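The values are calculated or read from the model by the stated rules, or taken from the named source; none is laboratory data. Quantities reported herein were computed from a predicted structural model and do not represent experimental measurements. So basically every Cβ, Gly included, is an ideal-geometry build from the backbone, and we count neighbours across all protein chains shown. Remember, those area values only see protein heavy atoms, side chains included, never the ligands or the DNA or RNA. Shrake-Rupley method; radii C 1.70, N 1.55, O 1.52, S 1.80 Å.
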Amino acid sequence: MTEEKKEPKKSSSKPAGKTLDRRDFLQGLATAPVLGLFGYALKKEIDYQKAQKAAALGTPAVVPEQAELNVALLGAGAQGEVLLNAMLKIPNIRFRAVCDIWTEYNLKKAVNLLKKYKFEVNGYQDYQEMLAKEQGLDAVIIATPDFWHARHTIDCLKAGVNVYCEKEMSNTLEGARSMVLAARETGKLLQIGHQRRSHPRYKHAYEKIIKEAKMMGRMVTVNGQWNRSAAPDLGYPARYAIPADILKKYGFKSMEQFRNWRWYKGLGGGPIVDLGSHQIDIYNWFLDARPKTVMASGGTDYYDKATHEWYDTVMAIYEYETPDGIARAYYKTQTTNGSQGYFENFMGDQGTMVISESEALYSGLMYHETSAPPWDEWVRLGYVSAPKVIMPGEKPEVVLDVRETVSPDEHKIPVVLNDPYHKPHLENFFNAIRGTEKLNCPPEIGYETAVTVLKVNDAIEARRTLNFDPREFEI
Amino acid sequence: MNENKFGRLQMIALVIMRVMIGWHFLYEGVAKFMKPGWSAAGYLSQSKGIFSPIFEWITNNPDILAIVNQMNIWGLIAIGLGLIMGCFTRIAAVAGMLLILLYYVCNPLFVGFYYSIPMEGNYMIVNKNLVELAALFVITVTSTGQFAGLDRILHKLFCKK
Ligand SMILES: NC(=O)c1ccc[n+]([C@@H]2O[C@H](COP(=O)([O-])OP(=O)(O)OC[C@H]3O[C@@H](n4cnc5c(N)ncnc54)[C@H](O)[C@@H]3O)[C@@H](O)[C@H]2O)c1
């Protein structure tokens, strides 16, 4: 109204167009404080996001001047290559040697890769020769087939070298046991390759969510799976076939068996050991317990039994006695359909945790039980993300029966690993050699997991529930 | 010159609406700016309807896409600032309408056309984008910048009359 009254005045006096009065200034800048408010809100938002990220990363250790470590790779197959690529991203590692019996193929590939990175590396067919010739090795990374792990690990330890040995620690418990003893006798470090033990998301889940915040409440059931698509047997370029006498010397009957060793009794353990041991290791860890019993069903239902002696399909159920009471844990692995991938799912009376090493699928979700105390504090601290609002339309409209509980809020575990999956575990090993960290998966843990997992195959054969004697886990 | 025939309270209401739309634009721009590697590609690639070939073409041309991304981010920020401050209000409002129109035609809500990017809420043809567009139309045709905004000062300084 005042505006309208002013107008005639403005137009009547000619120079008025140029004069700005106080009112013009005030009204001209009337909305400027909004920008201040916007800036303030933005700063709060940025701080919040930063806090979330910082919480996700954990406290960064101050990196002291690191000693350079001399490293050799023993077994340069698929996994050897994965580990090599992860190690190439770790500073202060000097590669000295690679050993692999497939000299014309895998050995060459690894040596060439390292030469590209300007490492002077020697290639060996026989690990004994490598240990004899390579002086001053600090660590050997072992990624040979499971049935070689015990011999390789023990000889390296006895040669005075620290060892990172891939899981499965060994295909036999005697093998695994002798590895623990060798580590104790030699005083050298032995890290078993259950790399989730060093994964920041898993550590966050255990240390922060389960232990500190106790967001799960009392965990009663667990389930997990690894679904893998059907795949043909691994082949090899015919001209690079290893001579039969060499194969025989190293325990393989044929090139086919050499390539597909995981399916053969006496060499590997089949998918339950290959895949399951990663995840069942997490059951033991997160439940803070060892199982009391296991029952299992499995068989070679899809592939050729002659070339797949171990079971392509396995379902197992464990009974745990946790510090809080009994918990039951189911695990399934199958190799004929890859949908829904792999994850572990822990269910407590206050929350549910779905976690996976995969960044692609189920990487880390928490569901809040509606009856549980609120998680606002944990959201604020960045232990979990703010709950995702379930959008209407995402779910078809359904009428809930009064007896049904509404679906719980979904939170994310806000920890993402932007590195190769094995890098943190290798770093932990190297830092343990330097004396700045403790091993995340010492042989005792690898052994416990081997005891837990290898019994599944026994239970399938026995067709009944098998008990664990608590002493079985001790050495 | 000043064609608004609105009372003071009505003008204040319009300014509040303008500032809020500006806030929304500004934060949409700033948030995209802060997200490392943000790209319109995700939204564009889901484009449906008659214009989708154009958006598809944009997504498939990394150079064009980069330009579109930058234009979108800075366009949003500039429009947001303009609306909040009431500075070149009319230009900002028209630009805002065009931008929203682009978003809308990228994923129009035709009847019977139920696939679209998951959105919160339920819509039939009209969605929040269109409502914001209509609100900007109101801003365009009312000179709120000359009531409360830098336009008032600019107008006095630079307009003869
Ligand atoms: N942690 C994980 O995520 C993960 C993933 C895959 C495999 N693995 C483990 O890594 C190990 C290797 O698996 P892979 O898939 O690489 O198998 P692979 O068959 O691809 O590779 C094994 C390599 O070891 C070599 N080798 C065999 N016997 C040897 C010997 N006596 N001396 C020297 N070299 C020998 C072979 O020539 C081959 O290059 C296994 O123990 C497996 O369980 C772990």
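In table form, for the structure just shown:
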{"read-out": "Filter result for the condition that a residue is away from the ligand (no atom under 14 Å from the Cβ) and either part of a helix (DSSP H, G or I) or without any contact (Cβ under 8 Å) to a residue 40 or more places away in the chain (or both), over A:Phe95, A:Phe147", "value": "A:Phe95"}
{"read-out": "When residues of the stretch A:124-144 are limited to those that are in a helix (DSSP H, G or I) and among the charged types (D, E, K, R), the one surrounded by the most Cβ atoms within 10 Å (Cβ to Cβ)", "value": "A:Glu129"}
{"read-out": "A:Met353 being part of a strand (DSSP E or B) and either within 17 Å of the chain's Cα centre (by Cα) or basic (Lys, Arg) (or both)", "value": "yes"}
{"read-out": "Test: A:Val140 is touching a residue at least 40 places away in the same chain (Cβ under 8 Å), touching a Leu at 6+ places or on another chain (Cβ under 9 Å) and more than 8 Å from the ligand (Cβ to nearest atom)", "value": "yes"}
{"read-out": "Neighbours by Cβ (under 7 Å, 6+ apart or cross-chain): first from the stretch A:359-377, closer than 19 Å to A:Gln279 by Cβ; second open to solvent by 70 Å² or more (accessible area, probe 1.4 Å) and part of a loop (DSSP other than H, G, I, E, B)", "value": "A:Glu359/A:Val416"}
{"read-out": "Hits in the stretch B:122-160 (condition: within 14 Å of chain A (Cβ to nearest Cβ), surrounded by fewer than 19 Cβ atoms within 10 Å (Cβ to Cβ) and under 12 Å from the mean Cα position of the chain (by Cα))", "value": "B:Lys128"}
{"read-out": "Selection from the stretch A:213-223 of residues that are open to solvent by less than 20 Å² (accessible area, probe 1.4 Å) and out of contact with any Ser or Thr (no Cβ under 9 Å at 6 or more places or on another chain)", "value": "A:Ala213, A:Met215, A:Val222"}
{"read-out": "Conditions (1) within 21 Å of B:Leu136 (Cβ to Cβ); (2) away from chain A (no Cβ under 13 Å); (3) surrounded by 19 or more Cβ atoms within 10 Å (Cβ to Cβ); (4) not aromatic (Phe, Trp, Tyr); number of the one not met by B:Met71", "value": "(3)"}
{"read-out": "Answer residue from the stretch A:253-270, given it is assigned to a helix (DSSP H, G or I) and more than 11 Å from the ligand (Cβ to nearest atom) and is nearest to the chain's Cα centre (by Cα) among those", "value": "A:Trp263"}
{"read-out": "Any hit, the stretch B:92-108, residues being of a type in the set (Ser, Thr, Tyr) and part of a loop (DSSP other than H, G, I, E, B)", "value": "no"}
{"read-out": "Every residue from the stretch A:331-347 that is within 19 Å of A:Gly269 (Cβ to Cβ) and of a type in the set (Phe, Trp, Tyr)", "value": "A:Tyr331, A:Tyr342"}
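Residues checked against (1) away from chain B (no Cβ under 14 Å); (2) surrounded by 24 or more Cβ atoms within 10 Å (Cβ to Cβ); (3) assigned to a helix (DSSP H, G or I); (4) within 12 Å of the ligand (Cβ to nearest atom):
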residue	(1), (2), (3), (4)
A:Gly160	yes, no, no, no
A:Tyr164	yes, yes, no, yes
A:Ser170	yes, yes, no, yes
A:Met179	yes, yes, yes, no
A:Arg184	yes, no, yes, no
A:Gln191	yes, yes, no, yes
A:Arg197	yes, yes, yes, yes
